[in-house]
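S.K.: Sharing a structure here in structure tokens format.
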Amino acid sequence: MPIDDAAIRDSRVRQDAFAFLDGLRGVHGDVLPWSELSRGLAFEGVRVPLVSQQGIFKPRVLRDAPLSIRTTPPKPGVQRPYDDEVGHDGLLRYRYQGDDPDYLHNRWLRRALERQLPLIYLHGVEPGWYVAAYPVRIVHDDPRSLAVTVAVDEVQSSELGRVVALGSVVSEPVRRYTTRVAVARLHQASFRHRVLAAYRQRCGVCRLGHVRLLDAAHIIPDSEDGGDPVVPNGLTLCKLHHAAYDAKVMGIRPDLVIEICEDVLREVDGPMLRHGLQDVNGWRLRAPRSASKKPDPQRLEVRY
């Protein structure tokens, strides 16, 4: 059986793209800048961007199937034109481009389905920033609803070559589970990025500005009613104050005044306890200036 040189080249491009994303995540974390994605990687002396202004993107180096699919970042008060959603089966629904199933870019999606090609899924966090899930595969096409179904096939980087070369052997239950986990991670990464940006990458209690030591803490846990991944349900806290908040050593009143529990205030210990917790008792949380990004007083009341 003759070797399809184009198919081999296609596989190599995808493997290199996944490795390139691994490198970007090592530098930027989970949320990646558009500038790096659009600059892309070099493959055999040719620049291969991972995105364009089109949501369904095929670089010139590939034959007739996309490398990436992308959702548009949300804008305040504006619904995404091509939004993604999770179905009852736990898999993603990705909208066609436009309303013509035979439009060229939509035909690319079907070719990716026919060949079970691994793709990059880019979830828009805000203009200029995206979270990537890869490899993903299109597992179903529904022209009547103008959408395809997308599953995440999560593997370690060292396994990418084998998976791309041999095709997916992921079972449906595993595929559904990995997709649900991946989508949850996309949303959590998006939540973290937006909350830290609202607080200007500083702890709202102590003003620590080392991003690697900061968390996006939920006021209402995401497992409870009202625990939506939205900025008014978030606080930027350093690791210490996040742990204290979760352990109920520290509370934040609806008027944003910080309280430390009485037994901790009475303790005698080293400078970390004194400066890190006891001294912040009675301080006021430094919240975002924008009213739409301030902590929700009702959520703070429930948590307090």
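S.K.: So which residues in segment 101-129 are within 14 Å of Leu50 (Cα to Cα) and hydroxyl-bearing (Ser, Thr, Tyr)?
M.R.: Tyr121 - this is the single residue of segment 101-129 that is within 14 Å of Leu50 (Cα to Cα) and hydroxyl-bearing (Ser, Thr, Tyr).
S.K.: Among the residues of segment 247-279, what is the count of those that are outside any loop (DSSP other than H, G, I, E, B) and touching a residue at least 40 places away in the same chain (Cβ under 8 Å)?
M.R.: Result for segment 247-279: 5.
S.K.: Can I ask one more? In this structure, is Leu300 out of contact with any Phe, Trp or Tyr (no Cβ under 6 Å at 6 or more places or on another chain), surrounded by 14 or more Cβ atoms within 10 Å (Cβ to Cβ), part of a helix (DSSP H, G or I) and free of Cβ contacts under 8 Å to residues at least 12 places away in the same chain?
M.R.: Values: out of contact with any Phe, Trp or Tyr (no Cβ under 6 Å at 6 or more places or on another chain): yes; surrounded by 14 or more Cβ atoms within 10 Å (Cβ to Cβ): yes; part of a helix (DSSP H, G or I): yes; free of Cβ contacts under 8 Å to residues at least 12 places away in the same chain: no.
It is false that Leu300 is out of contact with any Phe, Trp or Tyr (no Cβ under 6 Å at 6 or more places or on another chain), surrounded by 14 or more Cβ atoms within 10 Å (Cβ to Cβ), part of a helix (DSSP H, G or I) and free of Cβ contacts under 8 Å to residues at least 12 places away in the same chain.
S.K.: Kindly indicate whether Leu117 is in a loop (DSSP other than H, G, I, E, B) and either at pLDDT 90 or above or surrounded by fewer than 20 Cβ atoms within 10 Å (Cβ to Cβ) (or both).
M.R.: Considered against the rule, which asks whether it is in a loop (DSSP other than H, G, I, E, B) and either at pLDDT 90 or above or surrounded by fewer than 20 Cβ atoms within 10 Å (Cβ to Cβ) (or both), Leu117 comes out as yes.
S.K.: Might you let me know whether segment 40-48 holds any residue that is within 16 Å of Ala132 (Cα to Cα), modelled with pLDDT under 90 and either touching a Lys or Arg at 6+ places or on another chain (Cβ under 8 Å) or outside any strand (DSSP E or B) (or both)?
M.R.: No, segment 40-48 contains no residue that is within 16 Å of Ala132 (Cα to Cα), modelled with pLDDT under 90 and either touching a Lys or Arg at 6+ places or on another chain (Cβ under 8 Å) or outside any strand (DSSP E or B) (or both).
S.K.: Have a look at Arg162, Arg175 and point out the one that is at pLDDT below 85, touching a Ser or Thr at 6+ places or on another chain (Cβ under 9 Å) and part of a helix (DSSP H, G or I).
M.R.: Checking each option against the conditions leaves just Arg175.
S.K.: Scan segment 137-152 and report the pairs whose first residue is at positive phi and whose second residue is at pLDDT 90 or above, with Cβ atoms within less than 7 Å and a gap of 6+ or a chain change.
M.R.: Pairs that qualify, where the first residue is at positive phi and the partner is at pLDDT 90 or above, are Leu146/Arg95; Leu146/Tyr96; Leu146/Asp99; Leu146/Pro101.
S.K.: Quick one: which residue in Gly282, Gly227 is closer than 24 Å to Val31 by Cα and assigned to a loop (DSSP other than H, G, I, E, B)?
M.R.: Result: Gly227 is the single residue among Gly282, Gly227 that is closer than 24 Å to Val31 by Cα and assigned to a loop (DSSP other than H, G, I, E, B).
For every residue, the table says whether it meets (1) surrounded by fewer than 16 Cβ atoms within 10 Å (Cβ to Cβ); (2) of a type in the set (A, V, I, L, M, F, W, C).
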site	(1), (2)
Pro229	no, no
Pro254	yes, no
Met272	yes, yes
Arg284	yes, no
Ala287	no, yes
Ser292	yes, no
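The values are calculated or read from the model by the stated rules, or taken from the named source; none is laboratory data. Not measured: the values here are computed from a predicted model. Methodologically, a virtual Cβ is constructed for each residue, glycine included, from the backbone with ideal geometry; neighbour enumeration extends over all protein chains shown.
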